Amino acid sequence: KTGEPLDTKFFDMWGGDVAPFIEFLKSIQDGTIVLMGTYDDGATKLNEEARKLIAELGSTSITNLGFRDNWVFCGGKGIKTKSPFEQHIKNNKDTNKYEGWPEVVEMEGCIPQKQD
């Protein structure tokens with residue numbers, strides 16, 4: 001709401017437990033901007049509940065996020081539409097830029113201030 005960072009966290013979606021991530025997503029207050037990105041593998045441990053919670057933040061790519069896909073996203077708790085701030089590149093051995101890795105994704109833009 002103020003533009004000041006509230007929290008920074010990372011979660012291991014390859015070898016870790018998805019439960020702390022789900023609890024974190026549930027604890028986000030309405031009106032909060034959420035930034036997410038993947039490094040290495042962001043999808044292996046994501047279950048239906050985690051994907052649903054991320055979709056509720058405005059993501060449309062989260063349902064298709066797979067092993068070693070590159071993904072960056074900016075959404076918001078309580079958003080009523082899909083977020084325009086999302087980039088997703090599938091991991092595909094035929095098109096990967098770096099052997100077992102897709103090209104890097106980058107995103108920039110200005111997030112409009114919420115009008116009450």
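Some observations on this one:
- Residue list for the range 45-69, filter: of a type in the set (A, V, I, L, M) and either touching a residue at least 12 places away in the same chain (Cβ under 8 Å) or surrounded by 22 or more Cβ atoms within 10 Å (Cβ to Cβ) (or both): Leu46, Ala50, Leu53, Ile54, Leu57, Ile62, Leu65
- Top-ranked residue of the range 18-34 - restricted to ones that are open to solvent by 80 Å² or more (accessible area, probe 1.4 Å) and modelled with pLDDT of 95 or more, ranked as farthest from Pro112 (Cα to Cα): Glu23
For (1) buried (at least 19 other Cβ atoms within 10 Å of the Cβ); (2) within 19 Å of Phe11 (Cα to Cα); (3) touching a residue at least 60 places away in the same chain (Cβ under 8 Å); (4) touching a strand residue (DSSP E or B) at 6+ places or on another chain (Cβ under 7 Å), each residue gets a yes or a no:
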position	(1), (2), (3), (4)
Met36	no, yes, no, yes
Ala43	yes, yes, no, no
Trp71	yes, yes, no, yes
Gln87	no, no, no, yes
Lys93	no, no, no, no
Tyr98	no, no, no, no
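- Listed by first and then second residue, the pairs linking a residue in the range 7-22 that is under 16 Å from Arg51 (Cα atoms) to a residue that is open to solvent by less than 100 Å² (accessible area, probe 1.4 Å) and outside any loop (DSSP other than H, G, I, E, B), with Cβ atoms under 7 Å apart and 6 or more places separating them unless they lie on different chains, are Phe11/Pro20; Phe11/Phe21; Val18/Ala50; Phe21/Ala50; Ile22/Glu49; Ile22/Ala50; Ile22/Leu53.
- Single unsatisfied condition, Val104 versus (1) open to solvent by 60 Å² or more (accessible area, probe 1.4 Å); (2) touching a Pro at 6+ places or on another chain (Cβ under 9 Å): (2)
The values are calculated or read from the model by the stated rules, or taken from the named source; none is laboratory data. Predicted, not measured: the structure shown is a model, and the values here were computed from it. Every residue, glycine among them, receives a Cβ derived from its backbone with ideal geometry; neighbour counts consider all protein chains shown. Protein only, heavy atoms only, side chains kept; ligands, DNA and RNA dropped before computing areas. Shrake-Rupley method; radii C 1.70, N 1.55, O 1.52, S 1.80 Å.
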